[in-house]
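Report on the following structure.
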Amino acid sequence: MKTKVLYLITKQDVGGAQKYTHDLIAHLDKNFFEAKILYGGKDIKWLSNKTWPWLLFLNDWLAIRELVKVFQKEQPNIVHLNSSKAGVLGSLATKIYKVVSLKPLVISPKVIFTAHGWVFNPTNALSTPVRWFYILLHKFAAAFQDKIICVSEYDYWLALQYKIAAKEKLVMIHNGIDPNTKFLDRETARNKMIKKLKTTSSKPQANYPWIGSIGRLVKEKNYETLIKAAALIPNAYFFIIGAGPEMNKLKRRNEKLKLKNRLFFIEPTGNDAQYLKAFDIFVMSSVKEGLPYILLEAMLAGLPAIVTEAGGIPEMIQNHENGLMVAQKNPALLAKTIQGLLSNQNIAKELGVSAGLAVQKKFSLNKMLLETSIVYRDSCLKQPEGRHFQD
């Protein structure tokens, strides 16, 4: 019989964890796996990133109750958790499900957690007490997890450093993408992006280079540094494709720096990587990352990338070989690096070509699928009862 994998993710919005789970579901071998995904706020009504300590975390306990009922109905072989909140609540719910079942379980599910960049990353925009609160939560959850997948070597060693779990529970599997991913050509991508701009009075002209970034508008992406850098570069257009809680704050910063005619915000569609070739340079100014899919896609598209040293990014970009790396939260240095790359098209082209080759060699979707399947197989073969892999 097939191995039933149940994925749990906190939000249905666009992000790396969502792409990760969708890629696994779409490409896992259907002869061996039956996969299903559950979203917080949709399938699990009470599961969200909100915390209500003044109500004794009532919403979290309600989410756990929902999850136990789902596990009783679905009887999965593997519960694969994604995101911090799903990782903690899903682990606890699985343990409760095993304990409260009225009869011995035919299938005792294994719990896999993927850390898409640890939230307690020292460079993340968190206070020390909040950071240690997350560390303790993940240590607690790890006690109920059979395997923890880290998407970067950085996260793997961070888990060891903070003693999140025993080394035997940890495995490092880089994110991977399809080398045949399709991108719009430069002219088509630019025309489509211009049509999406809400303003009509000051649309970009062809004579300025385009610098772009794509991602959720959240603190860890640190778009404020990119906006400040844009103010130092007069002869270029900047585009940020994304949505999120930082939107209004970033727009106010944009207006304060008088960049309305040169920096544009575009609503995401869920397939925004198709626009990448519209840009001359791709920029990431993050303070916290796992192993970002959008950077893999920008590299595959052959774009020269300027990035900050955050999370697993140094495992993707080797400075001056297939991209350029700058310090975090340094708008002047970021601006200087962008200007330097704009002034040397030959170097920009060479970096883009090298980036594309690096992705195809090291970050393939097939490699990620194979290594994840091995984790599933090894986990299931350890359980004495229930469904197993077919050979």
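Worth pointing out:
- At 1.002 mPa s and 20 °C, Stokes diffusion of the chain via Kirkwood alpha-carbon radius, µm² per second: 97 µm²/s
- Whole-percent pair-distance distribution, where bins are 5 Å wide, for the alpha carbons of the range 8-70: 4, 17, 23, 19, 17, 12, 5, 3, 1, 0
- The P(r) of the range 246-348 has a tail past 21 Å containing 40 percent of all C-alpha pairs.
- Positive-end extreme of charge dipole, the chain - chosen from Ser84, Leu357, Gly302 (charges on Cβ): Ser84
- P(r) weight above 20 Å for the range 116-274, C-alpha pairs, percent: 62 percent
- Backbone amide hydrogens, once placed in the peptide plane, bring Leu170 within less than 5 Å of Ile148, excluding anything fewer than 5 places away on its chain.
- Sorted largest first, extent of the range 186-362 alpha carbons per principal axis (Å): 43, 32, 31
- As a ratio to 2.2 N^0.38 Å, the alpha-carbon radius of gyration for the range 50-109 is 1.16.
- Degrees, to the nearest 10: 247-256 long Cα axis against longest axis of the chain: 20 degrees
- Sorted peptide list for 279-291, 236-248, criterion being average Cβ within 10 angstrom, highest first: 279-291, 236-248
- From phi via Karplus (6.51, -1.76, 1.60), per-residue ³J(HN,Hα) for the range 362-379 in Hz, x at Gly/Pro: 10, 10, 7, 4, 4, 5, 4, 5, 4, 5, 5, 4, 5, 4, 4, 4, 4, 5
- Counting only the Cα atoms, the range 1-159 fills a convex hull of 121 Å³ per residue.
Taken together, the values in this text are just the output of simple stated rules run on the coordinates, not laboratory data. Just so you know, these numbers come straight off a predicted model, no measurement behind them. For neighbour counting, all protein chains shown are included, and Cβ atoms are generated from backbone atoms with ideal geometry for every residue, glycine included.
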